[in-house]
1. Evaluated at 20 °C with a viscosity of 1.002 mPa s, what Stokes-Einstein diffusion coefficient in µm²/s does the range 1-86 have when Rh comes from the Kirkwood expression over alpha-carbon pairs?
2. Using the heavy atoms of the protein chains and a 1.4 angstrom probe, tell me the accessible area per residue for the chain in square angstrom.
3. So how do Arg158, Arg39, Arg177, Arg207 rank on accessible area, 1.4 Å probe, biggest first, that is with the largest at the start?
4. Compute and list, largest first, the equivalent-ellipsoid semi-axes of the range 71-198 from the alpha carbon gyration tensor, each √(5λ) rounded to a whole angstrom.
5. Using a 1.4 Å probe on the protein heavy atoms, what percent of the accessible area of the chain belongs to carbon and sulfur?
6. Within the set of other residues whose C-beta is less than 14 Å from the C-beta of Ser178, count the net charge using Lys and Arg as +1 and Asp and Glu as -1.
7. Solvent-accessible area of Ile161, probe 1.4 Å, all protein chains present, reported in Å² to the nearest ten, please.
8. If you filter the range 89-152 for GluC sites (Glu not before Pro), then keep DSSP loop positions with at most 10 other Cβ within 10 Å, what is left?
Amino acid sequence: PTLQAGTVAVEDKLFEMMGEVQSDRLYRHVEALVGFRTRHVNSSQTSANEGIGAAYRYIVDQFVAIQNQAPQGSFNVLESGHEFTAYVEGVESIQYNAVAILNGTETGAGVIVVGAHYDSRTDDLLNSSADAPGAADNGSGVAAVIELARILSQYPQRSTIMFVLFSAEEHNRQGSRSFVQDYLKPFNLDIIGMVNIDTIGSWNNSRGEINDTQLRVFSSDQLNSRQMARMADFIYYGYDLDDTLQVVMQDSLDREGRYGDHFSFDEAGYPAVRFIEFYEDSYNREGRDTLDKVE
C-alpha cells in the first residue's frame, strides 16, 4: 500500500522509523528511572535525586527536549502536567500525569493516546520508603513512550497523538482514571484508541525460558477494543514484521486478577489495548525489579 500517489510506500516509512529506535536511549531512560530509587506515590515530591517527583520532572524534561527538536508548534508539552489527587491508605497526595501532544495534520482524524505508568512499588504496596526500582515494570514502558514521542514527532501524523505517562497506576490506576474522567471527557476529545505499554523489558520467565520475538496484546471483548487488537495483528502480518517482533492476541482485557491503565479507557468506551512481554519474570518484580533484569 502507498500513502498517496508520488509518496513513499507505507512499509518503507515504517521501517525507516523503526530504524531510528536507539536501544541506548531506551536503556538510559530505564537507568535514570531506576536511579530515583523509588517512584512510590507517597515518596518524595521535592527531592532532586529520588522519589516520584524527581521521576516526573525527568519525564517532563525529556518531553521538553523533544519539543525543542520538533517542527515548531507541532509538539507541545503540558509543563504543569495533569494534576490529580491520589489517596493511598488514608494518605492524600497531589500527583501529576506527564502529558505531551503531537498535533495531527488532518481535521477530524481523532486522537490516539499512547501511555504507560511511571510509578513503582515494592512487595509491600504501602511501603513508600523501601527500594522500588521498577525497571521492567514499568521503566521499560516509559522508555518506549518517550522514544516513540521522539521519533514520531519528526514526521507529520494524520491523527493527533497524545503521549501520557501516568502516576498512581499501582494504586488502582488512579492517574489514568482521573485523566479520563477529569481531562478527556470534559474536553470531549475524539479518542479513537489508547495504547498502553506496560512491562516490555524482559524476555524470560522465572524458569529461565526465553521469548525475545513476541509481545502479547490484551483487549476486552468490547468490539472497538478487540478490533484495535486485531489491527495490531494485521499490521504485523500486513507489513511482514516476522523478523522484528510478533504480536500475539489474547482473549481477555488482561491477565486474571490483574489490571492496567487501559482499563480506565476501555470502561469509558474508548478502544484500548495493552502490550506486555510474552513471558513474565514474576519473581524479579517489585523490589527485585532491577536494571540488570532488563534485556
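The values are calculated or read from the model by the stated rules, or taken from the named source; none is laboratory data. From a predicted model like this one, the values you see are computed outputs, not experimental measurements. We place every Cβ from the backbone using ideal geometry, glycine too, and count neighbours over all the protein chains shown. To get the accessible areas, we keep the full protein, side chains included, count just its heavy atoms, and leave off ligands, DNA and RNA. Shrake-Rupley method; radii C 1.70, N 1.55, O 1.52, S 1.80 Å.
1. D, rounded to a whole number, is 135 µm²/s.
2. 46 Å²
3. Details: Arg158 140, Arg39 0, Arg177 90, Arg207 185 Å².
Heavy-atom accessible area, descending, gives Arg207, Arg158, Arg177, Arg39.
4. Numbers: eigenvalues 157, 55, 25 Å².
Whole-Å semi-axes of the equivalent ellipsoid: 28, 17, 11.
5. Details: 6720 of 13660 Å².
Ligands and nucleic acids excluded, carbon and sulfur reach 49 percent.
6. Here the charged neighbours net out to -4.
7. Accessible area of Ile161: about 10 Å².
8. Loop-located and lightly packed - Glu89.
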